[in-house]
Every structure is written in structure tokens, then in C-alpha cells.
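S.K.: My questions all concern the structure below.
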Amino acid sequence: MIEVENLVKHFGAVRALDGVSLSVTAGEVVCLIGPSGSGKSTLLRCVNFLEEPTSGVVRVNGRRVGWEGTRRVSARELARTRAEIGMVFQHFYLWPHMIALENVIEGLVTVKGMGVGEAAAKGRALLEKVGLTDKMEVYPEHLSGGQRQRVAIARALAMEPRVMLFDEPTSSLDPELVGEVLRVMEQVASEGMTMVVATHEMGFARKVADRVVFLDQGKILEVGTPEEIFGRPRHERLRRFLDKVLV
Amino acid sequence: MHLDFGVAWKFLPILLQASLMTIALFVLSQVLGTAAAFFVALARMSPRAWLRRPAMAYIWVVRGTPLLLHLFFVYYAAPAFGITLDAFPAAIIAMSASAAAYNAEIIRAGLQAVHRGQLEAAYAVGMSYGQVVRRIIVPQAVRIIIPPYMGNAISHCKNSSLASVITVPELMLTAQMIYSSTYRAIEILTVTGAIYLVLTSCLSALQMYLEHVTTYEQRGLGEARRRRLRLDTPLPTMPA
């Protein structure tokens with residue numbers, strides 16, 4: 001479903017990604033763990049071309065993202081590809097001038113050209129699914145962080161993406177709000193969605209992930225099942241990282 | 001000192017007539033200037049130097065020199081280039097150019113105040129640049145822009161009085177002509193000032209109204225919007 005080959009991303013002199021290869025199959029849940037600045041976010045952002053990779057190849061659903069042969073794809077083509085890739089951000093980035101329901105259906109109406117009535121019915125069902133039946137008419141500024149993030153997940157799901165990318169979805173939440181977001185993500189995973197999740201929530205990774213990827217300094221250091229990564233870590237760096245986060 | 005407002009009363013219809021010219025000068029140049037300003041702002045923000053540099057230079061020169069000079073320049077210097085303009089179109093050109101430069105910076109500030117992450121979220125659902133500008137940036141920027149934009153509009157309205165120097169028969173020139181023949185400067189200028197005050201008060205009121213309608217999150221959704229979103233029809237029960 002997602003293939004990443006030898007991905008390199010430089011920001012000036014900083015090597016954010018230093019030759020990363022990863023393959024995610026349909027229905028799989030992959031968690032990216034690693035210290036801040038290890039390249040988790042950059043990897044996700046390169047998958048849907050929010051960052052343009054310095055070199056390397058990303059394929060989603062068999063199609064190369066951003067390039068066709070030797071030429072860059074048109075902005076329109078790139079937008080079409082992005083519509084198939086759902087993305088959830090650390091800081092939600094809901095659109096503050098729209099109520100929750102409008103945030104969810106905006107892509108359906110603007111990008112897919114669906115009628116507002118039809119889109120709204122779909123959007124309401126999605127908000128119900130993420131437990132926000134009574135918040136449909138509320139502007140983002142009146143929602144808690146956990147509620148905002150659930151709206152953001154519904155917004156991404158509305159587009160019926162093939163894969164979902166989660167960029168530290170709970171890192172800016174108050175601790176007591178983390179659970180409600182993780183429960184929704186777990187539900188999405190259980191329905192067979194292909195997911196790549198950059199996270200510091202080791203409990204979630206252990207419970208939901210099919211595979212866990214440990215990134216350090218822009219490289220993949222270790223890949224394995226949760227049992228392998230958390231039970232029998234091979235690299236010293238991973239052991240030290242887990243010691244710090246699993247207090 | 002003897003005041004005679006009877007004179008002012010007698011000339012009031014003429015002053016009101018002239019204020020229509022003032023309104024025409026202001027509205028026309030404000031609209032043209034704003035439309036141009038939007039594109040100057042986009043150019044000024046462009047990563048392409050060949051768009052950005054001319055926009056910066058334009059803003060630098062026009063904001064850095066007096067409107068009075070622009071008026072003289074367009075009116076008296078244009079014939080040297082083989083173009084002869086009447087006073088009114090000359091004033092419209094000079095005033096639009098000025099409004100474009102000032103408003104470009106105000107619009108740019110508003111456009112840039114929208115957080116980058118919101119644009120990324122829009123690109124991530126598959127929107128094009130045009131859709132992002134229209135659906136995400138502009139609706140939010142408008143709200144940010146209103147106070148500085150309207151403040152600038154009020155200045156611009158008053159600055160239309162400068163067009164009197166190139167003989168546009170607007171309010172200020174008309175007032176001058178009346179008091180230089182009647183010698184009733186205090187009375188005529190008081191009434192003229194009052195007319196300007198009414199005009200700028202309308203703009204202040206417009207600003208308050210616009211600020212009110214754009215504080216959407218404090219008010220309920222309109223009836224039409226509720227209906228469009230079918231918020232009052234019950235949701236069909238979904239199988240769990």
C-alpha cells in the first residue's frame with residue numbers, strides 16, 4: 001500500500017531523513033517511534049508530499065507520489081493523490097471559520113464536488129462515529145483538544161482515504177484527553193484501515209500496531225512486532241530510548 | 001466676531017452636490033485600489049523574485065512619496081508622454097495607485113496571519129492552491145484585515161480633498177470657491193467639516209457592522225445555513 005525507498009530529506013545542512021526504506025501492506029498498522037527530531041514527522045510529511053523529498057521514491061497504492069517518470073506531476077494530479085491519503089496533525093489544524101460538521105465535509109464538497117446535503121449526512125454519521133453527535137454545530141475554538149482531534153480524524157476519514165497518516169496525534173493533548181483520541185484510532189484500525197502513526201504512546205503501539213519502527217537520527221534502526229521491539233530490543237539506542245519513555 | 005450660518009445654509013445644496021464627487025472619487029479609487037492591492041499582495045508574497053521585487057518596489061515608491069505629488073504628476077506630467085487626462089480620471093489613477101500600495105500591505109498581513117498548518121491541512125485533503133486561497137485563507141484574512149483596512153479607508157476618504165489641487169470639483173474645492181467669494185470661511189468650513197464627518201462616520205459604522213458579521217462564532221448559525229447542512233432533520237439510524 002505504501003512503499004518508501006531510500007528516502008532522503010535535507011533541511012539545509014540537517015539530514016532529517018537519511019535513507020529510509022519501508023513498506024506497509026494494506027490493512028497494516030505501523031507505529032513510528034523514536035526521539036524528537038528522529039525523522040518521524042518528516043517521513044509522514046514526505047509520504048503525501050507536504051515536504052518534497054531530497055531524493056528517494058514514495059509509492060502509495062502502486063503510484064509514485066509527486067513524480068511520473070522523470071517529470072513532476074501537475075499540482076492537480078498531486079492534489080488527487082493527496083485526497084487518497086488522510087492526514088491527522090499534532091496541532092489538529094481545524095479551520096476555525098467553520099463548525100465541526102463543515103470542517104468534516106469541506107473536502108467532500110470542495111474537492112469531490114459532492115452536494116452539501118449529501119456530504120452533511122455523511123459528515124454527521126462520521127461525527128457520530130467519533131462520539132461528537134452533540135458537537136456538530138460547534139466552532140473549533142469551543143472544543144477541547146481531544147474533541148478537536150476527533151473532528152480532525154473524521155475530516156480525514158470523510159475523504160475515504162486508502163491510508164491514514166497520524167503525526168503525533170496525541171502529543172499536544174492534556175493527559176486526560178489522550179484516551180478518547182486513541183480509542184477512536186483503535187476503532188479505525190480495527191475496521192481495516194492502513195495506518196502509519198508517529199507516536200510517543202507506547203501503550204497504543206504495543207496494543208494496536210502490527211509493526212513498530214524505531215527511527216533515530218533520520219535512519220530506521222529497528223523494525224519488528226511490538227513483542228520484539230518492546231520485549232527484545234536489539235539495539236542499545238532503542239533500549240535506552242525505551243528506558244526513558246517507559247518509566 | 002459675527003457668524004452667519006444663513007450663508008452656509010444657502011450653499012448647502014451645492015456643498016452636498018460636491019460631496020457626491022468626493023464619494024465618487026473615494027469609492028471608485030478604493031475599489032480599484034483594493035482589487036489591485038490583492039494582486040500586489042500575492043506578488044509581494046511570491047517565492048518568485050520577478051514577481052516579488054517589482055511589488056516591493058511599487059509599494060516602496062508609492063508609500064514613500066506624497067499623494068499630492070502623485071496627483072500633480074499624473075495630471076501635469078502625463079501630457080509630456082503624449083497623454084492628456086481630465087482632472088477626474090487623473091485623480092482616480094493617482095488615488096487608486098496610492099490605495100493599492102497601502103492596502104497591499106494590509107492584505108498581505110492578513111493573508112500571512114493564517115497559520116501554515118491550516119493550509120497544509122487543506123492541501124492534505126486534496127485542495128488546489130486556488131481552493132485553499134478561496135476557502136481557507138480569504139475567509140479568515142478578511143476578518144483580520146477589516147480594522148486596519150477600514151482605518152486606511154477613512155484616511156483615503158479624507159485624502160480625496162487633495163484632488164482639489166488639480167481642479168476636481170469635489171467638496172474641498174467647492175468650499176474654497178464659496179468662501180473666497182462670500183468671505184464666510186468659518187461657516188463654510190464648519191459645514192464642510194461636518195459633511196466629511198458624516199462620510200467618515202458611515203465608514204466607521206460599516207466597520208462595526210463588518211466586525212459584527214465576521215465574529216461568526218459568537219452568533220448562531222443562520223437559518224439558511226442550518227437548512228443547507230440539514231441540521232434539523234434527524235439522522236437515519238446507522239447500524240452499529
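The values are calculated or read from the model by the stated rules, or taken from the named source; none is laboratory data. Because the structure is predicted, anything quoted here is derived from the model rather than measured. No Cβ is skipped: glycine too gets one built from the backbone with ideal geometry, and neighbour counts run over all protein chains shown. Just so you know, the surface numbers come from the protein's heavy atoms only, side chains and all, with ligands and any DNA or RNA stripped out. Shrake-Rupley method; radii C 1.70, N 1.55, O 1.52, S 1.80 Å.
S.K.: So, in the range B:178-202, exactly how many residues are over 28 Å from the mean Cα position of the chain (by Cα) and either among the hydrophobic types (A, V, I, L, M, F, W, C) or in a helix (DSSP H, G or I) (or both)?
M.R.: At the first step, the residues of the range B:178-202 found to be over 28 Å from the mean Cα position of the chain (by Cα) are B:178-187.
This time we only want the ones that are either among the hydrophobic types (A, V, I, L, M, F, W, C) or in a helix (DSSP H, G or I) (or both), so: B:178-182, B:185-187.
Going through the range B:178-202 one residue at a time, the tally reaches 8.
S.K.: Any idea which of (1) touching a residue at least 12 places away in the same chain (Cβ under 8 Å); (2) in a helix (DSSP H, G or I); (3) open to solvent by 30 Å² or more (accessible area, probe 1.4 Å) is the one A:Cys46 doesn't satisfy?
M.R.: Of the numbered conditions (1) touching a residue at least 12 places away in the same chain (Cβ under 8 Å); (2) in a helix (DSSP H, G or I); (3) open to solvent by 30 Å² or more (accessible area, probe 1.4 Å), the odd one out for A:Cys46 is (3).
S.K.: While we're on this one: For the range A:122-135, name all the residues that are free of Cβ contacts under 8 Å to residues at least 24 places away in the same chain and surrounded by fewer than 20 Cβ atoms within 10 Å (Cβ to Cβ).
M.R.: Matches in the range A:122-135: A:Ala125, A:Glu128, A:Thr133, A:Asp134.
S.K.: Another question, if that's okay. B:Pro54: open to solvent by less than 80 Å² (accessible area, probe 1.4 Å), part of a helix (DSSP H, G or I) and under 14 Å from B:Ile166 (Cβ atoms), yes or no?
M.R.: no
S.K.: Restricting to the range B:86-142, count the residues that are surrounded by fewer than 17 Cβ atoms within 10 Å (Cβ to Cβ), more than 25 Å from B:Met56 (Cβ to Cβ) and more than 9 Å from chain A (Cβ to nearest Cβ).
M.R.: So the answer is 2.
S.K.: Filter the range A:171-182 down to the residues that are open to solvent by 10 Å² or more (accessible area, probe 1.4 Å) and either more than 12 Å from chain B (Cβ to nearest Cβ) or of a type outside the set (Gly, Ala, Ser) (or both) and list them by number.
M.R.: If the condition is that a residue be open to solvent by 10 Å² or more (accessible area, probe 1.4 Å) and either more than 12 Å from chain B (Cβ to nearest Cβ) or of a type outside the set (Gly, Ala, Ser) (or both), then A:Ser171, A:Leu173, A:Asp174, A:Pro175, A:Glu176, A:Leu177, A:Val178, A:Gly179, A:Glu180, A:Leu182 are the ones that fit.
S.K.: Kindly provide the set of residues from the range A:188-207 that are open to solvent by 20 Å² or more (accessible area, probe 1.4 Å) and outside any loop (DSSP other than H, G, I, E, B), ordered by number.
M.R.: Across the range A:188-207, the qualifying residues are A:Ser190, A:Gly203, A:Arg206, A:Lys207.
S.K.: Sort through A:Ala100, A:Ala119 and tell me the only one that's open to solvent by less than 50 Å² (accessible area, probe 1.4 Å), within 13 Å of another protein chain (Cβ to nearest Cβ) and over 15 Å from B:Ala121 (Cα atoms).
M.R.: A:Ala119
S.K.: Can I ask one more? So A:Ala156 ticks every box in (1) surrounded by fewer than 20 Cβ atoms within 10 Å (Cβ to Cβ); (2) modelled with pLDDT of 95 or more but one. Which box is left unticked?
M.R.: With (1) surrounded by fewer than 20 Cβ atoms within 10 Å (Cβ to Cβ); (2) modelled with pLDDT of 95 or more applied to A:Ala156, the lone miss is (1).
S.K.: Quick check: anything in the range A:164-180 within 16 Å of A:Glu191 (Cα to Cα), in contact with a helix residue (DSSP H, G or I) (Cβ under 6 Å, 6 or more places away or on another chain) and in a helix (DSSP H, G or I)?
M.R.: Taking every residue of the range A:164-180 in turn, none turns out to be within 16 Å of A:Glu191 (Cα to Cα), in contact with a helix residue (DSSP H, G or I) (Cβ under 6 Å, 6 or more places away or on another chain) and in a helix (DSSP H, G or I).
S.K.: Please go through the range A:62-83 and pick out each residue that is within 25 Å of A:Val104 (Cα to Cα) and open to solvent by 60 Å² or more (accessible area, probe 1.4 Å).
M.R.: A:Ala75, A:Arg76, A:Arg80
S.K.: Shifting gears a bit: What are the residues in the range A:66-97 that are more than 10 Å from every other protein chain (Cβ to nearest Cβ), among the charged types (D, E, K, R) and touching a strand residue (DSSP E or B) at 6+ places or on another chain (Cβ under 9 Å), if any?
M.R.: A:Glu77
S.K.: Oh, and also: List the number of the failed condition for A:Val138; all other conditions in (1) more than 8 Å from chain B (Cβ to nearest Cβ); (2) under 26 Å from A:Met1 (Cβ atoms); (3) open to solvent by less than 50 Å² (accessible area, probe 1.4 Å); (4) not in a helix (DSSP H, G or I) hold.
M.R.: (2)
S.K.: Right, another one. Looking only at residues that are at pLDDT 90 or above and open to solvent by 50 Å² or more (accessible area, probe 1.4 Å) in the range A:49-61, which one is nearest to A:Glu28 (Cα to Cα)?
M.R.: That would be A:Arg59.
S.K.: Residues of the range A:103-116 being more than 7 Å from chain B (Cβ to nearest Cβ) and either touching an Asp or Glu at 6+ places or on another chain (Cβ under 7 Å) or without any contact (Cβ under 8 Å) to a residue 12 or more places away in the chain (or both), which ones?
M.R.: Residues satisfying the conditions are A:Val109, A:Gly113, A:Met114, A:Gly115.
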